[in-house]
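**Student:** Pasting a structure below so you can have a look.
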Amino acid sequence: MEKMEKGDRFGKLTIIKLGDPLTCRCDCGKVRKLAASKWGQVRSCGCLRLDIARERFLRDNPGKKQQPENLRGFIFGRLRVIEYFGRAPSGHPLWKCRCQCGAEHVVRADSLLQERTRSCGCLRDDTNRRRNTPDKSTLTVPVATQRLHDQPRSALTRTAASSETQGL
């Protein structure tokens, strides 16, 4: 690790006080404490992420000058923004969205713009369902379900042969 000095820059951060943690000032004006081991990995106070989201928005919506104040009508993943809902206690704007599945969901504007929220939760459910659906070659069918002498009733299973599954 090379020696760090006061005034060194990485990304948008400038070291203003040495030590562990380092005290850094971002180009946006915020002061952030940063573990010395993270120097060279962290590029901003978090504002860079918003800049990237803003650039993505401008790229995906040609002709727009800046991030819209009104998101009504925009589509983010499976969500279509239908109306302004108010502000969260943190001060972030909230928007009511309608998902493709029909559910309504209230989402923070920054979550939409940074693509952290893309559905009401149905996208995660669909993905999990798709991951957990068994392959048809591993389906099991009952082999025996009758009592043999004093044995308890059991449902023994084995991998189905292709000839046995044709009737299912």
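Please treat every number below as a calculation from the coordinates, not as lab data. All figures in this text were calculated on a predicted structure; none of them were measured in a lab. Quick reminder, even Gly has a Cβ in these numbers, built from the backbone with ideal geometry, and neighbours come from all protein chains shown.
**Student:** What is the sum of charges around K17, taking Lys and Arg as +1, Asp and Glu as -1, for the other residues whose C-beta is under 13 Å from the C-beta of K17?
**Tutor:** On the way: positive: K6, R25, R32, K33; negative: E5, D8, D20.
Once all neighbours under 13 Å are counted, the net charge is +1.
**Student:** Could you give me the ³J(HN,Hα) list for the stretch 7-20, computed from phi with Karplus coefficients 6.51, -1.76, 1.60 and θ = phi - 60°, whole Hz, x at Gly and Pro?
**Tutor:** In residue order, the calculated couplings are x, 4, 10, 8, x, 9, 9, 10, 6, 10, 8, 7, x, 10 Hz.
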